[in-house]
Amino acid sequence: MIQNILNFYLEKDICDRTFTFSIRIVKLCQFLDDKPGVARTLAQQLLRSGTSIGANVEEAQAAQSKADFIGKMMIALKESRETRYWLRLLVASEIVPQEKISQLQTEAEELTRILGAIVISTKDSN
């Protein structure tokens, strides 16, 4: 019972965090879209993966089964990992300075860890 209550609060927190993260990704992509060339292409990739995290977490809240919930959260986890990649690439290719997106990178890392923990704990629960 306590695990169910903990999961409820963790899932609510992850919904809010991923929504806020999505807003930050949208704003970064708006900035990148104003730049010519490669920045726009990378912005499109980042926008897809970065906003997909929250969308899949939200869909998981209405899952029809435990397997469906895990599946949606796994997709969110994969999208989170992809988002980390695009953020790293933006810095490594010197399109965006590290200091401009370091907090976003930290949040992407934390979301990846949280989503991984949710998937593992849900798989292990009865």
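Please indicate, with yes or no, whether at least one residue in region 45-60 is more than 20 Å from Glu110 (Cβ to Cβ) and more than 15 Å from the chain's Cα centre (by Cα).
So far as region 45-60 goes, no, none of its residues is more than 20 Å from Glu110 (Cβ to Cβ) and more than 15 Å from the chain's Cα centre (by Cα).
So for region 55-70 (the condition being within 27 Å of Lys35 (Cβ to Cβ), of a type in the set (Lys, Arg) and either out of contact with any Leu (no Cβ under 7 Å at 6 or more places or on another chain) or surrounded by fewer than 20 Cβ atoms within 10 Å (Cβ to Cβ) (or both)), does at least one residue qualify?
To start, the set of residues in region 55-70 that are within 27 Å of Lys35 (Cβ to Cβ) comprises 55.
Within this subset, residues satisfying the condition of being of a type in the set (Lys, Arg) are none.
No - not one qualifying residue is present in region 55-70.
Please work out which one of (1) modelled with pLDDT of 95 or more; (2) farther than 22 Å from Phe19 by Cβ; (3) in a helix (DSSP H, G or I) is the condition Lys123 fails and give its number.
The one condition Lys123 does not meet is (1).
Hey, among the residues in region 80-107 that are of a type in the set (Asp, Glu) and part of a helix (DSSP H, G or I), which one's farthest from Arg40 (Cα to Cα)? Walk me through it before giving the result.
Taking region 80-107 as the starting set, the residues that turn out to be of a type in the set (Asp, Glu) are 82, 94, 99, 107.
Subset that is part of a helix (DSSP H, G or I): 82, 99, 107.
Values: Glu82: 17, Glu99: 20, Glu107: 22 Å.
That would be Glu107.
I want to confirm something. Restricting to region 77-120 and keeping residues that are small (Gly, Ala, Ser) and farther than 11 Å from Phe21 by Cβ, which single residue is surrounded by the most Cβ atoms within 10 Å (Cβ to Cβ)? Break it down stepwise before answering.
Within region 77-120, the first condition is being small (Gly, Ala, Ser), and the residues that meet it are 80, 92-93, 102, 108, 116-117.
After this cut, where a residue has to be farther than 11 Å from Phe21 by Cβ as well, the list is 92-93, 102, 116-117.
Working: Ala92: 10, Ser93: 11, Ser102: 12, Gly116: 15, Ala117: 13.
Ranking the candidates gives Gly116 first.
The values are calculated or read from the model by the stated rules, or taken from the named source; none is laboratory data. No experiment lies behind these values; they were computed from the predicted model shown. Every residue, glycine as well, gets a Cβ built from its backbone with ideal geometry; the counts of neighbours run over all protein chains shown.
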